1. Where in region 147-239 are there strands (runs of 3 or more DSSP E), lying wholly inside it, with at least 3 residues that are touching a residue at least 40 places away in the same chain (Cβ under 8 Å)?
2. Check Glu289 against each of (1) within 16 Å of ligand 2 (Cβ to nearest atom); (2) surrounded by fewer than 22 Cβ atoms within 10 Å (Cβ to Cβ) and name the one condition it does not meet.
3. Could you pull out every one of the strands (runs of 3 or more DSSP E) wholly within region 57-120 that has 3 or more residues that are more than 13 Å from ligand 1 (Cβ to nearest atom) and not β-branched (Val, Ile, Thr)?
4. State whether the residues of region 254-261 include one that is more than 24 Å from Gly139 (Cα to Cα), within 13 Å of ligand 2 (Cβ to nearest atom) and buried (at least 18 other Cβ atoms within 10 Å of the Cβ).
5. Any residue in region 25-52 that's part of a helix (DSSP H, G or I) and surrounded by fewer than 20 Cβ atoms within 10 Å (Cβ to Cβ): show its pairings with residues that are among the hydrophobic types (A, V, I, L, M, F, W, C) and modelled with pLDDT under 95 at Cβ separation under 6 Å, as long as the two are six or more apart or on different chains.
6. Out of all the residues in region 315-350, which are surrounded by 10 or more Cβ atoms within 10 Å (Cβ to Cβ) and of a type in the set (A, V, I, L, M)?
7. For region 140-159, give me each residue that is touching a strand residue (DSSP E or B) at 6+ places or on another chain (Cβ under 7 Å) and either buried (at least 23 other Cβ atoms within 10 Å of the Cβ) or modelled with pLDDT under 95 (or both).
8. Report yes if Thr178 is touching a Ser or Thr at 6+ places or on another chain (Cβ under 7 Å) and either among the aliphatic types (A, V, I, L, M) or away from ligand 2 (no atom under 16 Å from the Cβ) (or both), otherwise no.
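The values are calculated or read from the model by the stated rules, or taken from the named source; none is laboratory data. Since this is a predicted model, take the numbers as computed values, not measurements. Using ideal geometry, Cβ is built from the backbone for each residue, glycine included, and neighbour counts are taken over all protein chains shown.
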Amino acid sequence: MTAQPAHPTNAANLANLANAANPADAANPAKQIRNVCLLGATGSIGQSTLDLIAAHPQRFRLYAAAAHTDVEGMLRVITQGRPSVVAMASPDAAQALSARLVAQGIGGVTVLSGTDGLNTLASAADTDMVVAGIVGIAGLSSVWAAAKAGKTILLANKEAVVCAGALLVKVCAQSGATILPIDSEHNAIFQCLGLQYRCFTRPLEVRRLLLTASGGPFRTWSVQQIRAATVAQAIKHPNWSMGQKISVDSATMMNKGLEWIEAHWLFAMPMDRIQIVVHPESIIHSMVEYSDGSTLAQLGAPDMRTPIAHAMAWPDRMSAPSPALDWAQLSALHFEQPDPERFPAIGLARQAMQAGACATICLNAANEVAVAAFLQGAISFGAITDAVDDSLQKLAPQMPAPQTLEDVMAIDQELRLHLAATLGLPAGAASGQGRGAGGGATGSGGPGTLGGPGGTVASIGAQA
Ligand code: NAD
Ligand code: MG
């Protein structure tokens, strides 16, 4: 392949991309291969999805991929999946990636940057399916763009739902977007609700949802031990291999608090009809109890490729390279109640949900900032839930209820600034929306589109 100049204009990038699309695909209603837009491609969900795309080349193609700053990771994604277009939230990373593509003589990849670049991919006409695997509220904007464009969204990014649940329900209803949960518990519930079920509707004759939790690495630890836990201890999950933020969330059990709110929105169930059950083996991924007393459970090895494969193939099934359960080795499955004293995060999630949308944004923002501070060694493990508690009491009541996506973003940003000051962090350390990374237009001839609704191109790209 021949390398081309590093920084053609947006217009040139978009023209190249349009030429790269196969017109026969669009004209053929029976098109078998679905174009995947993978947001968070360099992360744990990203890698699991890439494995599945590679295992099913006759069904899926990596059309687009997005990440934050990890240039080397994105190069590996490009080499593995050969997407037509990629976006880096950080313009500096986009520049560096473009240069690397030129240097390595890799052609046929358009590079966009900034939040608008990600939104463009998520809403592009050629995108058939969006995998929302960005961590944190940084993923909300692209989930929103995909929802507005009526896409099928495989949702891992629970923070987007926690911060903007009610608004997402509305925008999906308006556009006809389909949400398929891939968070393992929510995917399990979705499977147990049957093929007719659609997210955001109240399931019929369901008495309770049972959301299982592994209990994390500190399930049997004392309060004192937990509060003094180190980063290495917190990110060592007993059953799952995941990104650092969700691993810490599993250790505080804030992950289950966020998932409780996520389940409330996805399945239109009141919080008190969703029960959290600690199940240390992580074999049952969640359950649905029907009004006739039947309880259906979904079981499997703790491997995210199973729920992702389910959602990719839905309403069909397809194979995944996940290990099968070894029933001879499964001598017992255990269940217990979560302990509110040692794991206050679950109670904080309930409080936030009862207090309203602004408080759930606050819960999430405080948690994201505090987890990042813990991972950087700036605060103790115990201080994470202290910071969330403090923010919920002091900051959430001062904020107005959000009416729009922009309100959600503004409330989140303001909370982060307060929190950074409270925790003694530099203001930049608390930025979470990828904003610092968003949208500078270099050599751009103005915004353009990828042929789909929504989404403008923020910045440079390189056809290399
Ligand atoms: P990860 O840390 O492994 O990967 C995160 C991805 O998000 C990376 O590709 C990173 O580049 C991208 N990203 C981070 N900040 C960004 C920004 N500002 N703009 C654009 N991209 C950004 O995380 P993960 O474990 O894959 O988790 C991703 C999401 O999926 C989280 O919301 C998590 O709660 C959810 N989830 C993960 C798992 C799992 O097994 N990993 C399971 C269930 C749900
Ligand atoms: Mg989960």
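1. Numbers: elements: 152-155, 178-181, 206-213.
Filter on region 147-239 gives 178-181, 206-213.
2. In the conditions (1) within 16 Å of ligand 2 (Cβ to nearest atom); (2) surrounded by fewer than 22 Cβ atoms within 10 Å (Cβ to Cβ), Glu289 misses (1) alone.
3. Working: elements: 60-67, 85-88, 110-113.
Output list reads 60-67.
4. Residues of region 254-261 that are more than 24 Å from Gly139 (Cα to Cα), as a first pass: none.
Looking through region 254-261, none of the residues is more than 24 Å from Gly139 (Cα to Cα), within 13 Å of ligand 2 (Cβ to nearest atom) and buried (at least 18 other Cβ atoms within 10 Å of the Cβ).
5. Listed pairs, sorted by first residue: Ser44/Met242.
6. Met318, Ala320, Leu325, Leu330, Leu333, Ala345, Ile346, Leu348, Ala349
7. Applying the first criterion (touching a strand residue (DSSP E or B) at 6+ places or on another chain (Cβ under 7 Å)) to region 140-159 yields 142-143, 146-147, 151-157.
Residues satisfying the conditions are Ser142, Val143, Ala146, Ala147, Lys151, Ile153, Leu154, Leu155, Ala156, Asn157.
8. Numbers: touching a Ser or Thr at 6+ places or on another chain (Cβ under 7 Å): yes; either among the aliphatic types (A, V, I, L, M) or away from ligand 2 (no atom under 16 Å from the Cβ) (or both): yes.
For Thr178, the condition - touching a Ser or Thr at 6+ places or on another chain (Cβ under 7 Å) and either among the aliphatic types (A, V, I, L, M) or away from ligand 2 (no atom under 16 Å from the Cβ) (or both) - is met.
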